[in-house]
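Notes follow the structure.
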Amino acid sequence: CVAADNKGTLYFGTNYGILVYKGEKRSSGKNWRFLLLPQPDVISSLYLDTLEKRLYVGGQHDFGYFQLKNYFDGEYISLKGKMPDQSSDIWHIEKCGRTIIFHTLNRLIYLNDENLGSIEPWNNGIFHNVFKTSQNTLLINGLDAGWFYFAPHKKFALMNVQGLSIPADKCYSVL
């Protein structure tokens, strides 16, 4: 996974942590740095919020964010302790309005104004994939349960999509 800012900085999720490249025209050879979580983890998703100066991180064993001081330094805030029963990988991270969504197969975790909550799939299903459709809306593939919209302004509820002719089985892209 990769996240980028508008100044040429790239963040790469790796099997060890986050590799940071500071893109500069004149290189001193020190353009590569690592951001490390307290415990090594495989990073599967990143989202950079430049307004809040936060790099959101999803891994196999932890999720949270770096409150960035500069492009390669920041304090890591783990959210795992606020949701101790969270045990599956964070596959995607998106922002809807002011709400950050962490996508796992067995739930959507949302962070809104420092409050953490979750939404479980219907009928013990799974959330196969998440697609951003607008600034404030996500389209969610519920696999066997169909398609859903998520909009934070709708009290953090999923709305079943009616009349959508997209098959719900293993969709990997929506244009």
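The values are calculated or read from the model by the stated rules, or taken from the named source; none is laboratory data. Keep in mind that this is a model prediction, so the values were computed, not measured. Note: ideal-geometry Cβ built from the backbone for every residue, glycine included; neighbour counts use all protein chains shown. When the accessible area is computed, the model is the full protein with side chains, heavy atoms only, and any ligands, DNA or RNA have been set aside. Shrake-Rupley method; radii C 1.70, N 1.55, O 1.52, S 1.80 Å.
Structural remarks
- Matching residues in the range 97-123 - criterion: being crowded, with 19+ Cβ neighbours inside 10 Å and more than 14 Å from residue 58 (Cβ to Cβ): 99, 121
- Residue 62 being under 16 Å from residue 105 (Cα atoms), open to solvent by less than 40 Å² (accessible area, probe 1.4 Å) and touching a helix residue (DSSP H, G or I) at 6+ places or on another chain (Cβ under 9 Å): yes
- Residue 62 vs. criteria of a type in the set (Asp, Glu) and in contact (Cβ under 8 Å) with a residue 60 or more places away in the chain: no
- Criterion violated by residue 126 - all others in (1) at pLDDT 80 or above; (2) surrounded by fewer than 13 Cβ atoms within 10 Å (Cβ to Cβ) satisfied: (2)
- Residue 90 passes every criterion in (1) outside any strand (DSSP E or B); (2) at pLDDT below 90; (3) open to solvent by less than 30 Å² (accessible area, probe 1.4 Å) apart from (2).
- For the range 1-29, taking the residues that are over 22 Å from residue 76 (Cβ atoms) and open to solvent by 30 Å² or more (accessible area, probe 1.4 Å), the one that is modelled with the lowest pLDDT is identified as 27.
- In this structure, residue 57 does not satisfy being exposed (fewer than 14 other Cβ atoms within 10 Å of the Cβ), touching a Phe, Trp or Tyr at 6+ places or on another chain (Cβ under 8 Å), under 19 Å from residue 103 (Cα atoms) and touching a residue at least 40 places away in the same chain (Cβ under 8 Å).
- Restricting attention to the range 133-161, the residues that are buried (at least 16 other Cβ atoms within 10 Å of the Cβ), at negative phi and of a type outside the set (Ser, Thr, Tyr) add up to 13.
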